[in-house]
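Here's the structure, in structure tokens; my notes come after.
The values are calculated or read from the model by the stated rules, or taken from the named source; none is laboratory data. Predicted, not measured: the structure shown is a model, and the values here were computed from it. Cβ atoms come from the backbone with ideal geometry, glycine included; neighbour counts cover every protein chain shown. The area values use the complete protein model at the heavy-atom level, side chains included, leaving out ligands, DNA and RNA. Shrake-Rupley method; radii C 1.70, N 1.55, O 1.52, S 1.80 Å.
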Amino acid sequence: MSSLEVLATGPMSTVQDTGRFGHAALGVGRSGAADACSHALANRILANPPEAATLEVTLGGLRVRARGPVTVAVTGAPTPVRIDGRGAALNEVLHLPDGAELSLGVPARGLRSYLAVRGGIDVPPVLGSRSTDVLAGLGPALPEPGDLLPIGPAPQARPLLDHVPTAPVGADEVCLRVRLGPREDWFTERAHRTLFDDLFEVTPRSDRVGARLAGPALERSREGELPSEGMVPGSLQVPTRGEPVLFLADHPVTGGYPVIAVVCAADLPVAAQARPGTRIRFVQWR
Amino acid sequence: MRVLNCADTGVLVEVADLDQVIALGAALETAPLPGVTDVVPAARTVLLRLSPGTDPAGVAAAVTRIPLAADVTRRTGETVTIPVHYDGEDLADIAELLGSSPREVVRAHTAATWTVAFCGFAPGFGYMVGDDPRFRVPRRAEARTRVPKGSVALAGEFTGLYPRSSPGGWQLLGHTDVVSWDLERDPPGLLRPGVRVRFEEAA
């Protein structure tokens, strides 16, 4: 059976799939690919089932060597792809002969690229998923140089298209549609206006748990502590002091600060591709 | 009951008290609502997480029709006993907050029956409520950057058991050698919602 030998991981590479469902009552979050859209596309290009695990590569820097012939696809943030030093395309079926080295450079835009392998990365699942939850410390260990990532059996279906055109991923300024709530009543009218009138900037203290945002203060209309309550990805949580956090895939299952608004599901992949320095404009979603 | 929206990814149901949380959680376990992937009970709320394309308004309407029967509260078969070394760094502070002595705190903590109301914070971290109303302490003013695995701690009306080392702001009462989270076990969590817990002083 073929495998991928990890040579370098860049700032952060993790194994991800569609996440863990049904364990939230035990305090286990969903995790999974932060940009579920690019993850799904990478699998679709290779005719993998949607739940096949891929490598989520943050700001490039991944190098792997094919052990045996391997078919791959790279999607998401436009990372420069090279196979044995020669340029290759994103969103395309790529064949790696035994021993070939694939490297991903730093993307000019966006944050997370996805390397899918035909057959899926076949590390043992934990609670029904191969996703690494960096907050909970659950799932496969972070890949390290020297690791051999096993590849599962190829699906029966064959890839149908050699290349799939996509909308560009990542931008200097992005628009995210949000709906106020569940705790908009913990904030003043002025905070509601500020949320929609001003720009927020993603700070370097961002990770798979959430994008931390710098921007104008969102003023509370009441004091006191909110009893901890369940959180969803896309929640914009506003701590008493400090930066608001836009929760992503590895967000805590419950949180004790009020959520002023939640990003609609369709815009979560856009939020996941907002690298530090990206300006975010929130717009009302109806 | 008040139903709050979380865009199109969730429905947050706010109820009067923890008994209603447990009742609603139990009702949703018995009769799951279509389109709901996860149920997250917490202190005063139950969050329903939705699968893509589910209409939150439909789920909101369905959940308001669920009767919150008072008699389903805190009903479960399982009881676990957890031996505790009551040597926590905050034991003296806890005793002072409760207007009591460390010895009396230990006696009352082991005399009470605790029930896991919900999990959160970390996998396997159960929030346990007791039948002794005296146990109410604030969180520490400043959180510790590292609370050791196995710590038994208090905050609000809850006792918690840290399944692994993590930052934490709870008041440390003691520690246990009981492993509360083990992925080799099915289910991995010892402290699941509804489980009753007795603490005893470790020898």
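Contact order, relative form, for region A:86-214: 24 percent (alpha carbon pairs under 8 Å, 6 or more residues apart, mean separation divided by residue count). Just to verify a number: FRET efficiency for A:THR166 and B:ALA62, C-beta to C-beta distance, R0 = 25 Å, to 0.05? Calculated value: 0.10. If exposed trypsin sites (Lys or Arg not before Pro) are those in a DSSP loop with at most 10 other Cβ within 10 Å, what is the longest stretch of chain B that has none? Result, exposed sites excluded: B:66-184.
Between the helical axis of B:18-30 and the dominant principal axis of chain B, each derived from Cα atoms, what acute angle in degrees is found, rounded to the nearest 10? Relative to chain B, helix B:18-30 is tipped by roughly 50 degrees.
Using a simple spin-label model with pseudo-atoms 7 Å out from Cα toward Cβ, B:ASP17 and A:ALA217 lie 3.7 nm apart.
Computed over the protein assembly as shown, the quotient of the alpha carbon radius of gyration and 2.2 N^0.38 Å is 1.03. Out of the total accessible area of region A:2-84 (probe 1.4 Å, heavy atoms of protein only), what percent is carbon and sulfur? Carbon plus sulfur share of accessible area: 57 percent.
The ellipsoid that matches the Cα gyration tensor of chain A has semi-axes, each √(5λ) in whole angstrom, of 36, 19, 15, with the longest given first. In a DSSP loop and with at most 11 other Cβ atoms within 10 Å, there are no GluC sites (Glu not before Pro) in region A:121-190. Here chain A is assigned +1 on the Cβ of each Lys and Arg and -1 on the Cβ of each Asp and Glu. Its dipole about the Cα centre then comes out at about 300 debye. The residue among A:PRO258, A:ASN48, A:GLY99 whose Cα reaches farthest toward the positive pole of the charge dipole of chain A, with charges on the beta-carbon of Lys, Arg, Asp and Glu, is A:ASN48.
Note on A:SER206: accessible area is roughly 40 Å² with a 1.4 Å probe, heavy atoms of protein only.
Compared with the dominant Cα axis of chain A, that is its longest principal axis, helix A:36-45 is turned about 20°.
Take the Cα pairs of region A:125-167, get the Kirkwood Rh, then feed it into Stokes-Einstein at 37 °C and 0.692 mPa s and tell me D in µm²/s.
Once the numbers are plugged in, D ends up at 236 µm²/s.
With a cut-off of at most 11 other beta carbons within 10 Å, and DSSP calling the residue loop, which GluC sites (Glu not before Pro) in region B:101-203 qualify? Please list them.
Answer in residue order: B:GLU142, B:GLU184.
Between chains B and A, what is the buried accessible area summed over both chains (1.4 Å probe, protein heavy atoms, nearest 100 Å²)?
That pair of chains buries around 2800 Å² in total.
In this structure the protein assembly as shown gives 42 Å² per residue of accessible area when probed at 1.4 Å with all protein chains present.
Between A:ARG82 and A:GLU173, the simple spin-label model (points 7 angstrom out along Cα→Cβ) gives 3.5 nm. Measuring between their Cα centroids, region B:92-140 and region A:62-94 lie 54 Å from each other. Pop the C-beta distance of A:ARG205 and A:ALA108 into the FRET formula with R0 = 22 Å and round what comes out to the nearest 0.05. My answer for the efficiency is 0.45. The share of accessible area on region A:143-276 that comes from carbon and sulfur is 52 percent, using a 1.4 angstrom probe. Calculated over region B:32-119, the projected area of the Cα convex hull averaged across directions stands at 9.0 nm². Surface calculation, 1.4 Å probe, protein heavy atoms: A:HIS95 sits at approximately 130 Å² accessible. Annotation for A:GLU225 and A:ARG286: the two label points, set 7 Å from Cα along the Cα-Cβ direction, are 4.0 nm apart.
Given their separation in residues at 0.36 nm each and the Cα-Cα distance between them, B:ALA111 and B:GLU78 gain 10.1 nm when the chain is fully extended. Just so you know, the Cα atoms of region A:171-286 work out to an Rg and Dmax of 12.7, 38 Å.
With Cα atoms as the point set, region A:23-115 shows a radius of gyration and Dmax of 14.0, 48 Å.
Taking the chain by itself as reference, region B:6-30 contains these residues with an accessible-area loss of 30 Å² or more in the full protein complex (1.4 Å probe, heavy atoms): B:CYS6, B:ALA7, B:ASP8, B:THR9, B:LEU12.
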